[in-house]
Structure formats: structure tokens, C-alpha cells
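Student: Please find one structure pasted underneath; my questions will follow.
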Amino acid sequence: MSSRDDLPPETDPLADVPAETPHHGLMFRFRNYFLTGLVVAGPVAITLYITWWFVTWVDGLVRPFVPLVYRPETYLPFGVPGSGLIVAVIGLTLLGFLTANLIGRTLVDLGERLLGRIPAVRAIYRGLKQVFETLFSGKGSSLRRVGLVEFPSPGMWSIVLISQPPSAEISSRLPGDDEQISVFLPCAPNPTTGFFFYLPRSKIIEVDMSAEDAATLIMSCGVVQPGSDQQKKVAALANMANAVRLANAPAQPSPHREPEPAKAD
């Protein structure tokens with residue numbers, strides 16, 4: 001007959017499991033799911049917001065010029081977003097069609113002569129016209145080539161967009177005999193602002209990168225690197241997350257196995 005002292009000591013099966021492991025695992029999964037949802041929904045939400053802002057902005061500009069008879073909200077109990085944008089696109093297309101013929105070109109030349117007689121307006125109009133013709137004509141390479149310049153101090157390099165050589169008047173005033181080039185240095189994270197300056201062509205290191213990739217690099221402050229393999233990044237992140245999940249998973253206790261009796265020869 002066995003006594004109570006001969007019985008094996010009572011053990012708690014949950015004693016070897018850390019108390020904070022389930023809590024840590026739950027918070028870790030919650031953080032991963034939240035960041036994944038943020039990565040998926042963030043760009044979509046910002047894109048939709050910017051698109052909505054642009055559409056409503058164009059509607060606000062065009063709607064005052066549309067008669068009430070042709071407005072959708074006159075016949076509907078609600079407004080139709082984008083109606084002003086459609087009117088603007090149709091109007092600009094018709095304007096381009098009319099400008100392509102002789103009568104349209106005559107009217108445009110007459111308007112340009114009229115604006116050319118106003119001193120303050122003349123400089124603004126000519127500058128904007130040249131900028132729009134350069135950007136939207138699809139010809140030339142202005143602001144489409146990317147380079148590196150040593151700025152703002154030696155040893156520090158900045159991304160610039162390469163423009164055109166200076167005019168003969170400005171080139172004759174610049175010191176040195178090297179060929180000069182004009183560049184635009186965008187600021188981060190807003191690439192629409194920056195610095196414009198002239199420097200020798202030999203001081204520019206041209207980079208095989210598109211202007212869109214350069215803008216993405218500047219707006220992200222170097223977080224998004226162009227030319228990188230996104231599939232490798234995704235695979236590396238997945239492997240890292242899997243390793244962290246396995247490291248934080250509670251260890252499964254192995255079942256106690258009785259030693260097998262030795263076989264007699």
C-alpha cells in the first residue's frame with residue numbers, strides 16, 4: 001500500500017509557459033495587421049483625396065461660367081462632381097481645334113499683341129507660355145534629365161533636373177571658359193519648390209534615372225529608392241516577419257517518453 005509521500009509531486013502544466021507570451025503575441029499580430037492595413041489603405045486614400053480635391057477645384061472654377069440651364073444640379077436634387085471638369089476638358093479641346101486653323105491663329109496672335117503692350121503682364125505671359133510649351137510639347141529634354149551636383153557643401157550631393165544652357169547674354173557674364181548649364185534643385189519633400197542656378201557642365205554627374213523616379217525619391221526623402229527590386233523587398237520582409245513570429249511563438253513542451261527497455265542478447 002503506497003503512502004501519500006510515495007506519490008509524485010503535483011505540477012502545474014502551465015508553470016513553464018511565460019505569463020506574458022499570449023499578450024505579447026496578440027499585440028504583435030495586432031501591430032502587424034494594423035501596419036499592413038495602413039500600407040494598403042494609405043496610398044489609396046491619399047490618391048482619392050487628391051483626385052477629389054482636384055475635381056472639386058476645377059468644378060469651382062468652371063461652374064460660375066456655365067449657365068444654370070446646363071448645370072446638372074438644376075434638374076437633379078444633388079450635384080454631380082466632375083461636371084465642371086468635363087466642361088473644362090471639352091472647352092480646352094475645342095480651343096485647341098479652333099487655334100489650329102487660320103482664324104484661330106489670327107485671334108491668338110491678336111491677343112498676344114494686346115498682352116504684349118502691357119508691361120507687367122507681358123513678362124508674366126511670355127514666361128508662362130514658354131514654360132507650358134516646353135513642358136507639354138513633348139519635345140526636347142528640359143527637366144527630363146537627372147544629375148548630381150555637389151551641394152550645399154563639398155562632399156554632399158543633391159539631385160537636380162538638368163535644363164537648358166543659358167542665353168548668350170548670361171553666358172558671356174558668367175566667369176570661366178567652361179560650358180554652363182542651368183539646373184533646378186528640388187526641395188524635399190515638396191519638389192515644386194527649390195533652387196535654380198547655373199554651373200559648369202563638368203560639375204554635373206548625369207544619372208540614368210527618369211524625372212518621375214527622381215521626384216519619388218525626393219518626396220519620400222530617400223525611403224523609396226528607384227530601381228530596386230520590389231519582389232526581393234517583399235520576400236525579405238516576409239521572411240523577417242516569419243522569423244519574428246517563430247521566435248515569439250511559445251515553445252511546445254515535448255511529451256515525456258519512457259525509456260525503452262534494453263534488449264537482451
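The values are calculated or read from the model by the stated rules, or taken from the named source; none is laboratory data. Keep in mind that this is a model prediction, so the values were computed, not measured. For neighbour counting, all protein chains shown are included, and Cβ atoms are generated from backbone atoms with ideal geometry for every residue, glycine included. For the accessible areas, the whole protein counts, side chains as well, though only heavy atoms, and no ligand, DNA or RNA atoms are used. Shrake-Rupley method; radii C 1.70, N 1.55, O 1.52, S 1.80 Å.
Student: Any idea how far apart LEU68 and ARG201 come out in nm if each label point goes 7 Å out from Cα toward Cβ?
Tutor: Simple spin-label model gives 6.3 nm for this pair.
Student: A follow-up question, please. What distance in nm separates the two pseudo spin-label positions at ARG144 and ASP177, each 7 Å out from Cα along the beta-carbon direction?
Tutor: 3.4
Student: So, for the stretch 144-235, what is the accessible surface per residue at a probe of 1.4 Å, expressed in square angstrom?
Tutor: For the stretch 144-235, the solvent-accessible area averages 65 Å² per residue.
Student: What's the carbon and sulfur percent of the stretch 55-171's accessible surface, probe 1.4 angstrom, rounded to a whole number?
Tutor: C and S fraction of accessible area: 72 percent.
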